[in-house]
Amino acid sequence: MRARVVVRLKRGILDPQGSAVKRALEGLGYREVRDLRVGKLLELELDGAASAQARGRLEEMCRRLLANPVTEDFTVEIVEEGTRPNLP
Amino acid sequence: MKFGVVIFPGTWSDCDFHYVIGEVLHQPVRYVWHRDTDLSEYDCVILPGGFSYGDYLRAGAVAGRSPVVGALGDFVARGGLVLGSCNGFQILCEATLLPGALMRNECLQYRCQSTHVVVENAELPFTRGLRPGQVLKLPISHGEGKYYADLETLRHLKARSQIVFRYCTEAGEVTKEANPNGSVENIAGVVNEEGTVLGLMPHPERAAEAAVGGTDGLLLFHSLIGSLVEDGSFLKR
Amino acid sequence: MSGAEPKVTLDLAQAHGLTAEEYDRIIRILGREPTFTELGLFSALWSEHCAYKHSKVFLRQLPTRAPHVLQGPGENAGIVDLGDGLALVLKMESHNHPSFIEPFQGAATGVGGILRDIFTMGARPIATLDSLRFGDPEDPKTRYLLGGVVAGISWYGNCFGVPNVGGEVAFAPEYGGNPLVNVMCVGLVRHDRIFRARAEGPGNPVFYVGAKTGRDGIHGATMASAVFEEGAEERRPTVQVGDPFTEKLLLEACLGALETGAVVGIQDMGAAGLACCSSEMPARAGTGMEVELSRVPRRETGMTPYEIMLSESQERMLLVVARGREAEVREIFAKWDLDAVEIGRVTADGMLRVRIEGRLVAEVPVRALTEDAPVYEKPTARPGWLDALVAFDPLSLPAPRDYERALLEILAAPTVASKHWVYRQYDQQVGINTLVLPGSDAGVLRIKGTRKAIALTTDGNGRYVLLDPCQGAALAVAEAARNLTCSGARPLAVTDCLNFGSPERPEILWQFGEAIRGISQACQALEIPVVSGNVSFYNETEGRAILPTPIIGMAGLLEEAEWRTTQWLKNAGDRIALIGPEAVSLGGSEYLATFGRRLGGRLAPLDLRLERDVQSACRAAIEAGLVASAHDSAEGGLAVALAEAAISGPEELGVEVALPSGGRLDLVLFGEGPSRILASVPPAAERHFESLMREWRVPWRFIGTVGGNRFTLRVGGEVVINVPVERIAHAWRTGFERYLV
């Protein structure tokens, strides 16, 4: 299966990178951008099919390594269910 | 009494710490490989600067979960001292051996420059040769040195005098202009509750000789050696 | 041979940048049509970038020998003796084209490549410098390129852990479509640990080490030899991506492997990748090589032999290992989590044989790819437009009304202003050897375990070279040497990076030939050998060439680290001496570019004997401890040099200077001329200094005194500039950054 993890700064934490990109867009005339935050996208290919257990392990990966709980939030999205091995 | 200097893949201040401790201060020092877990022969373990594992996920994230860092918990519980500078500070925070986190510099650029820090807690094994309010001139070199902790953690840190250094002007004033990376409340270094694990963004090893960077960093090493010599038996081995 | 590959025709060869004559020559060498893979090999190795086919005849003039030269040109880097059993490895290279296409990665991989050139010689890199040229600072594109290039250099060098100790950044509209990114690196090695890129010993296994191979930069070597056309910005996919972390591991693993004595030869897979290594290494040793490409670690599927041979994936090396000692090498690379795979062996028959799964896809004599590559003596012609350019008289422009404002403006010009914005993004201290940080005439590093230090600089002025290629290039050598001298060092060796337009145009090749002549003359007169270098041709966009820009990287030795001297004034009360001749000119000057927006005129004459004597006198004064500061008077002339001396140090100091009248005021203040050094002399050393200068018989005189908080300049008794020193400091400090916000 394939999963997508998005890691971003928690709300309320200053995101200077986001502000810089927003300013750059404004400079190009895109004044409608009210807020912009920069995050990280991690794409994972995993053995096995999607399941509650697989999702649980993904969330554990985020808590243990992929996101820093002090500054970052994460979301886990399964983008391709995949098939169980040994099944047609 | 012996110092251990840890090498992770991507560490580069290892040689500098080794040189200062061994050649400038003439103290016994050895390198510790990141896969080692036996720290019994050391009294003080140093996590030097660098880009461990490229800092590709977050600065210090992967090293913070390495075997040697896993062994630091026991080492500290036995009374060992840990000093993390630059990437070492980032690793200690990632490993939750120190509170808070280090984020990308607010200017979004790397900064290598001279800074001044004021000493807030001079009662630690790392700082006992200093006085509170003393200003040290120490260089920094990092892209992710903005210290962050939430309000509650900050309150906790203050209540227990865990904030050790703050960026300041040459005269010792803690101002916005003196803050090179946007750290909350100008924090440049913090210690754990027990006072045995110190993390700081500046590089004391780059200020240990008059010819290169001055000697203010040496004061930290002198404090450490003083503590270790006096209490040489504190490791329960 | 291969059946699945495209049929090779003359058209295909020409699409690969080979001429019809070159294609015929290949057929003659092989006695048949080349395979597709072979065509790839020839096109890469016979490109200008690898074969120096247009430049070789000129480069032969350069003086490359001296008793202290341990390795001259022809290897990955040059080496000079430092005494005490130590040697200094040095090299400079350009990454201009990749940096224009993708400034961050282009500059970053430029740093990566030059670092590998140093550590393949067995040396640990101890410092880098970078010489950058950009277009009009007002152009937003310049800001984008500058920001990206500086960030890329910063990222790669900082992550790897090598200090950046100097360099220059200059701006001129001619670089707008083709910026220059030249990076110099030096390393330190013990004499008995020097390694060379030679595939000695038939039967020895060949190891591939480092990162995996992808489709990065295929045709990078031929791209570096192609003129930019519109739409070059769409060429992004061929640009390599750097991985400084892997490079750092590769450094430690390579030095560890070399230390075992199990390695016979080693070369970086840089431009033209495996193709280059597998032919150059045996060619140098008079051997051959066979490689089996199915063993090459790859990170993409379906790569063809052509792609594997020509890939320019970064952070890879080829090692020849002593037979029977493979396990030692494997173990060291495993410790650093790097691939080390045996992909072939050295043979005795002088052939390169490339196989994939046993199937032969290329079989070429290694000499045909290397020494026997075509060498051209193409026509040269002095450009017709040069006379008119040189005939321009800068004094035909009106003189400024307000000289204070003129000084402030020129100090704030981005080429002159403080480059603090740039170098504060670079780690300048890792290794704790840097005695003089960026911001003085040269970076100075101590050599631990000795009393010695080395000084490093890069210099070059494209405007001078345009107006007079021979003298302009000689001036770059003279200025680099002067910068080292002012820092207390005796120049040891040159590494050069020669950036020019297309050599297929006679006027460009004339500029090139003249520049080589100038470098040779200056190096001979100052007794400094050229030990390594790089030629970068085809720096053109839409038919417009850059200013011809030979950059001189130079290393010097201080027998006593204590001799190191910085450019800024130290003490109130010191006398300021000007050592050197009076002759200056506004031709090609910074002043003319800033105020006249013109490039033209004649350069002040360069007398190389006088240059040598002025530098010897200055070094003698420094070594005798008579000098508190020394600064080369360069771009912006004497007024700018004085201002820099007053404001670039930790403490701003005022000066009172009186100059004799010598023509128009702008000429006196901002005229540029060679062989001029400003030194400050403490009162106690005055008499000794005077007698030393007399001994060396160089022109010199005291022109003023340090002190107060005003910058005061009199010419012919009249006060022409009198401003608080903090005003000039402010202009100089903020001049660069104002273009970047």
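For this structure, a couple of remarks:
- Helices in chain B, meaning DSSP H runs of at least 4 residues, each add -39500 (n - 2.57). Divided by all residues, the mean residue ellipticity at 222 nm is -6000 deg cm²/dmol.
- Listed residue pairs exceeding 26 Å between alpha carbons, taken from B:K137/C:K570; C:K248/C:K448; C:K419/C:K452; B:K176/C:K419: C:K419/C:K452
- Which of B:Y167, C:Y423 has the fewest Cβ neighbours within 10 Å, and the rest in rising order: C:Y423, B:Y167
- Rounded to whole Å, sorted largest first: equivalent-ellipsoid semi-axes of segment B:3-231, Cα gyration tensor: 23, 20, 18
- Förster radius 22 Å - calculated FRET efficiency between C:K212 and B:Y31 (Cβ-Cβ, nearest 0.05): 0.15
- Once the Cα-Cα distance is subtracted from the 0.36 nm per residue extended length, the C:R323 to C:R190 segment shows a gain of 45.4 nm.
- Entry note, segment C:245-348: relative contact order of 45 percent, from Cα contacts under 8 Å with a spacing of 6+ residues.
- Taking 0.36 nm per residue of sequence separation and removing the Cα-Cα distance, the C:A391/C:E342 pair yields an extension gain of 11.3 nm.
- Shown here for segment A:1-68: GluC sites (Glu not before Pro) in loop regions (DSSP other than H, G, I, E, B) with at most 10 other Cβ atoms within 10 Å, namely A:E32.
- Whichever lysines have a C-alpha closer than 18 Å to that of B:K2, once near sequence neighbours (fewer than 8 apart) are set aside: B:K236
- Alpha-carbon centroids, segment B:132-202 and segment C:574-611: separation in whole Å: 49
- Tilt relative to chain C, helix C:469-486 - C-alpha long axis, 0 to 90 degrees, to 10: 70
- Three-way shape label, the protein assembly as shown, alpha-carbon gyration tensor, a/c 1.5: oblate
- Distance (nanometres) between label positions extended 7 Å along Cα→Cβ at B:A159 and A:L14: 2.6
- Rounded to the nearest 20 debye, dipole of chain C from Cβ charges on Lys, Arg, Asp, Glu: 960
- Share antiparallel - DSSP beta bridges, chain C, percent rounded to 5: 80
- Charge tally for C:M92 (other residues, Cβ to Cβ under 11 Å; Lys, Arg +1; Asp, Glu -1): -3.
- Rounded to 5, percent antiparallel among DSSP beta bridges of chain B: 60
- Each helix, a run of at least 4 DSSP H residues, gives -39500 (n - 2.57); summed and divided by the residues of chain C, these come to -10000 deg cm²/dmol at 222 nm.
- Sequence-distant residues sharing a close amide H with B:Y31 (under 5 Å, placed H): B:V5
- Neighbouring partner chain Cβ atoms per residue of C:444-455, average, 10 Å criterion: 1
- Antiparallel DSSP beta bridges within the protein assembly as shown, percent to nearest 5: 75
- Spin-label model distance (nm) - C:E582 vs B:D74, 7 Å beyond Cα toward Cβ: 8.2
- Ranked list, fewest to most other Cβ atoms within 10 Å of each Cβ, for C:V321, C:V390, C:V263: C:V390, C:V263, C:V321
- 10 Å Cβ neighbours from other chains, averaged over peptide B:102-113: 6
- Charges were assigned to the Cβ only: +1 to each Lys and Arg, -1 to each Asp and Glu. The resulting dipole of segment A:2-79 about its Cα centre is roughly 220 debye.
- Cα-projected label distance for C:R597 with B:H222, points at 7 Å along beta-carbon direction, nm: 6.0
- Shown for B:I163, C:I454: other C-beta atoms within 10 Å of each C-beta, ranked fewest to most, produce the order B:I163, C:I454.
Every read-out reported here was derived from the displayed coordinates using simple, explicitly stated rules and does not represent laboratory data. Keep in mind that this is a model prediction, so the values were computed, not measured. Every residue, glycine among them, receives a Cβ derived from its backbone with ideal geometry; neighbour counts consider all protein chains shown.
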